[in-house]
Amino acid sequence: MSEQRPARPRAFIFDCDGTLLSSMGMWLKVQVELLATYGIETTPDDFAQFESLPVMGECEAYHETWGVGESGQDVYDRLMDMLMEHYRRDVPPRRGVRDFLESARKAGIPMIIATSTPVVAVEAGLEANGLRPFFCDIVTTGEAGASKDHPDVYNLALQRLSDACGFDEVPAHRDVWVFEDATFGLLSSGSAGYRRVGIYDPEGRALRDDVQANSEIFIDEFDELSLERIYAFGERA
């Protein structure tokens with residue numbers, strides 16, 4: 001009898017904030033700092049309702065909710081100036097993520113990012129930590145036209161990855177893994193049939209039990225994860 005070979009994923013789609021980068025603590029602070037520049041006192045909890053939105057959508061919501069700035073674009077421009085500085089200086093990678101990405105690259109698994117954060121900020125954070133070369137592209141919820149409460153951004157990312165890799169057809173969702181720390185992202189990607197690695201971010205808003213309950217594989221850090229563990233799940237599925 002021949003030995004069963006591990007099931008090899010066709011692609012990996014990664015969230016960025018809280019998944020690749022330990023940036024959620026920064027985000028919770030910068031939102032409060034932003035409103036403070038307009039003389040408005042807030043707490044991180046005041047922003048929870050906006051978390052799944054694209055950043056421009058968040059800024060429009062801040063403008064409408066608190067009356068800050070001349071427009072959502074005005075708020076966005078101020079926030080982006082603050083974010084770029086933080087991403088360049090203050091945001092480290094998640095523990096073990098570089099080694100895991102390197103193992104995936106050596107195995108020939110193409111990788112892409114699906115995020116709610118503007119590309120320029122994601123680029124700054126990835127480049128500051130030497131992670132940008134692992135990914136063929138960065139796709140945003142703004143481009144997809146829907147928040148991560150919907151799977152549109154993952155679908156668009158998979159299409160972009162397929163085009164970049166010259167695939168004859170877009171891989172089946174069951175052969176693609178999404179890596180996420182946000183419960184809403186895990187729920188929407190799971191509803192579209194993707195496999196999911198849920199990573200708990202102690203600085204984020206998602207509860208550990210919720211992340212674990214909505215993942216095929218759950219980790220606290222990337223040094224707990226290996227390709228073999230993902231292959232083994234594929235054999236059982």
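Please get the size of the charge dipole for the chain, origin at its Cα centre, with Cβ charges of +1 on Lys and Arg and -1 on Asp and Glu, quoted in debye to the nearest 20.
Values: 22 positive and 42 negative charges, 209 e Å.
I would put it at about 1000 debye.
Quick one: pull the percent of accessible area on the chain belonging to carbon and sulfur, 1.4 Å probe, ligands and nucleic acids left out.
C and S atoms contribute 46 percent here.
For the stretch 173-212, what's the relative contact order in percent, using C-alpha pairs closer than 8 Å and at least 6 residues apart?
The value is 43 percent.
Identify, among S22, L161, G39, the residue whose Cα sits farthest towards the positive end of the charge dipole of the chain, taking +1 on the Cβ of Lys and Arg and -1 on the Cβ of Asp and Glu, with the dipole about the Cα centre.
Value computed over the given set: L161.
Apply the Karplus curve 6.51 cos²θ - 1.76 cosθ + 1.60, θ = phi - 60°, to the phi angles in the stretch 163-171 and return the couplings in whole Hz, x for Gly and Pro.
5, 5, 8, x, 5, 5, 8, 5, x
With +1 on each Lys and Arg Cβ and -1 on each Asp and Glu Cβ, how big is the dipole of the stretch 1-91 about its Cα centre, in debye rounded to the nearest 20?
Magnitude of the dipole: close to 740 debye.
So what is the 222 nm mean residue ellipticity for the chain from helices alone, if each DSSP H run of at least 4 adds -39500 (n - 2.57) and you divide by all residues, rounding to the nearest 500 deg cm²/dmol?
Values: 10 runs with 107 residues, N = 237.
Value at 222 nm, helices only: -13500 deg cm²/dmol.
Would you work out the relative contact order for the stretch 81-237, in percent, from Cα pairs under 8 angstrom that are 6 or more residues apart?
RCO, the stretch 81-237: 20 percent.
With point charges of +1 on the Cβ of Lys and Arg and -1 on the Cβ of Asp and Glu, referenced to the Cα centre of the stretch 84-237, which listed residue (F218, A144, G125) lies farthest in the positive direction of the dipole?
Of the options given, the answer is G125.
With angles folded into 0 to 90 degrees, how steeply does helix 227-236 sit against the dominant principal axis of the chain? Use alpha carbons for both and round to 10.
For helix 227-236, the angle is close to 70 degrees.
Build a GNM of the chain with springs between Cα atoms under 10 Å: which of D77, D175, D149 gets the top mean-square fluctuation?
Greatest mean-square fluctuation among the candidates belongs to D77.
How big is the dipole moment of the stretch 65-141 about its Cα centre under a simple scheme where the beta carbon of each Lys and Arg is +1, that of each Asp and Glu is -1, and everything else is neutral? Debye, nearest 20, please.
520 debye
The stretch 110-207: D in µm²/s via Stokes-Einstein (Kirkwood Rh, Cα pairs, 37 °C, 0.692 mPa s)? Write out the running numbers ahead of the final one.
Details: Rh = 13.9 Å.
Approximately 236 µm²/s, per Stokes-Einstein.
Rounded to a whole number, what is D in µm²/s for the stretch 22-86 from Stokes-Einstein with the Kirkwood radius over alpha-carbon pairs (20 °C, 1.002 mPa s)?
D = 184 µm²/s.
Measure out, as a whole number of angstrom, how far apart the alpha-carbon centroids of the stretch 55-76 and the stretch 141-178 sit.
When both Cα centres are located, 29 Å separates them.
Relative to the first principal axis of the alpha-carbon coordinates of the chain, what is the inclination of helix 72-89, with its axis defined by its Cα atoms, in degrees from 0 to 90 and to the nearest 10?
So the inclination is approximately 60 degrees.
The values are calculated or read from the model by the stated rules, or taken from the named source; none is laboratory data. Keep in mind that this is a model prediction, so the values were computed, not measured. Cβ sites come from the backbone with ideal geometry, for glycine too, and all protein chains shown count toward neighbours. We work out accessible area using only protein heavy atoms, side chains counted, and drop any ligands, DNA or RNA first. Shrake-Rupley method; radii C 1.70, N 1.55, O 1.52, S 1.80 Å.
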